Amino acid sequence: MLVLKTILPFSRKDSIFTFWLVLLFFFVSLIGILNHEVWLDEIQAWLIARDSTSIVELFRNLRYEGHPGLWHLNLYFISRITHNPTAMQLFHLIIATVNIYIFVKFSPFNRLHKVLFTFGYFPFYEYSIISRNYNLGILFIFLFCKFFPTRKKSYFVLASLLGILANTNAYSFIISICLFLTLIVDFISNSYLREKFRYNIKNIFLSLAILLFGYTVAILQIIPPADAEFTGSTQNFGESNNLINTIKHLSYVLMTVWRSYVPLPNFLDDRFWNSNLLIEGAGSLRVVALFFSLILLKFSLAIFIRKPIVLFLYTSGTFSILLFTYTKFSGYLRHHGHLFILLIACLWLTSYYPKRYTQRRLPKFTHFFTKYKYQILTTILYIHVLASVFAFSMDLIHPFSASKEVAQFIKSQQLDNKLIVGSKDYAVAPISALLDRQLFYLESNNLGSFISWNQREDLNETEFIQRLHSVVTQNNTPILLILNYALYNQAYKMFNVLPLFQSSQSIVHGENYYLYSLTNKQTALKK
């Protein structure tokens with residue numbers, strides 16, 4: 001049985017199948033969205049958009065984010081209508097639903113694979129329930145795949161899609177460049193295209209102008225300013241000139257293939273998010289994960305080896321993402337997921353190319369993988385469904401972030417009229433969004449909402465106490481202190497401390513909270 005079906009005109013049965021599958025995806029995802037508590041990375045974009053007074057200020061505030069601002073621009077217009085972050089989540093759900101509609105209606109996969117992909121980990125949970133800019137990138141990747149045949153008439157549409165794709169996030173920018181290079185290789189190797197555009201060179205130059213404009217805009221946003229403090233990080237494996245640590249780092253990068261293709265979380269941990277059953281396990285299990293990563297790479301090479309154009313896209317895209325992971329930012333599962341999305345896009349594009357046989361003898365492993373490619377892909381997709389059902393269920397049962405619980409407590413106790421002081425700033429920022437007001441962040445020593453990465457500093461215990469003392473002594477009324485850790489014992493000696501609330505444990509690390517009411521002891525004595 002083939003993995004992909006031949007692209008045929010859409011039948012009535014296909015239309016009914018698409019309608020009910022997309023509708024089911026939307027309503028089940030809606031339940032997840034309405035029960036999902038937003039966390040920092042979701043709310044940071046919303047706060048930047050909400051609290052920017054103009055589009056110019058919006059892009060000025062984005063300079064330290066490391067991503068282009070197309071997602072933030074959409075949120076800017078939504079936040080002019082409402083300050084409720086649920087609007088962002090619903091908008092994100094609409095994009096996710098459109099993605100599934102495009103995939104189900106236009107991709108060449110069979111029905112089983114369409115159902116499994118729809119309810120797989122990335123489309124159904126990571127890129128649907130959690131509202132980030134990555135979902136917007138997938139939209140334009142799928143649109144590129146859908147409109148790929150239009151290159152035989154014009155490159156305008158594809159160039160526009162790639163230019164927009166580059167402005168969604170850094171990983172989509174990488175994929176956009178690889179898709180552009182693939183179009184070049186495709187053009188050079190296709191005599192029909194060369195002859196077709198021989199007398200229509202204007203179309204090529206205008207398309208290039210559109211694409212280069214999109215890339216220029218994206219690059220200007222991605223490159224951090226000179227004073228940027230938050231520029232990403234790689235895993236700490238020690239000195240870079242140490243051969244053993246270099247091998248460990250390289251192994252970690254290669255294991256992201258396993259993490260992306262087989263996103264099995266640690267089922268025994270409530271804080272399952274970003275975990276992997278093998279990678280988080282003992283050292284021997286990590287070796288198994290590395291081995292399977294290499295097997296999955298072999299599998300992918302085998303199924304694309306007879307279609308050189310797609311093979312070029314897969315190898316260039318995968319290598320580029322892995323190189324970025326190695327040199328710039330180790331990333332998390334939401335970042336590594338682009339490896340899997342690239343695989344799906346490559347499988348989609350193979351349907352546009354006839355199988356090309358070669359006179360050269362292919363490696364033996366290709367025969368095994370091509371023979372069982374349907375079974376292997378089906379197994380991978382079933383694992384994705386298992387991971388998504390687990391993650392979705394855990395998100396319903398446990399708070400993803402305790403920020404909503406804390407905001408509700410503050411409102412119910414009418415504490416939102418007090419000066420609210422928070423630390424760590426990146427942990428308490430979601431509460432700022434839910435209360436629709438600014439908080440005093442000790443890390444930046446100022447009122448704020450979104451995190452200004454270049455205007456903050458991590459505080460040790462002494463610095464924390466000093467800054468807190470300065471705030472408390474300047475206020476004659478009790479302040480509300482929100483921490484994502486228990487208050488230092490030294491603070492009890494300096495202030496009148498009244499513990500108010502301790503939140504539930506959250507799925508995301510660092511977003512469970514402790515609330516205190518603080519007054520200066522000297523002020524209390526005077527009264």
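Assorted remarks:
- Of the GluC sites (Glu not before Pro) found in the range 438-527, those that fall in a DSSP loop while having at most 16 other beta-carbon atoms within 10 Å are Glu457.
- Taking all pairs of distinct alpha-carbon atoms in the range 55-203, Kirkwood radius in angstrom: 17.1 Å
- Where N is the number of residues in the chain, Cα Rg divided by 2.2 N^0.38 Å: 1.07
- When the charge dipole of the chain is built from unit charges on Cβ atoms (+1 for Lys and Arg, -1 for Asp and Glu) and taken about the Cα centre, the candidate among Leu181, Val406, Ile130 whose Cα reaches farthest toward its positive end is Leu181.
- Sparsely packed loop sites in the range 40-142 (the trypsin sites (Lys or Arg not before Pro) outside DSSP H, G, I, E and B with at most 16 other Cβ atoms within 10 Å) comprise Arg80.
- Axis of helix 40-51 versus longest Cα principal axis of the chain: the two differ by about 80°, to the nearest ten degrees.
- Only Lys, Arg, Asp and Glu carry charge here, each on its Cβ (+1 for the first two, -1 for the last two); on that basis the chain has a dipole of about 2540 debye about its Cα centre.
- Considering only alpha-carbon pairs that sit under 8 angstrom and 6 or more positions apart, the relative contact order computed for the chain is 18 percent.
Rule-based calculations on the coordinates, nothing more; no lab input. Please read these numbers as outputs of a predicted model, since none were measured by experiment. Here the Cβ is made from the backbone with ideal geometry for all residues, glycine too, and neighbour counts use every protein chain on show.
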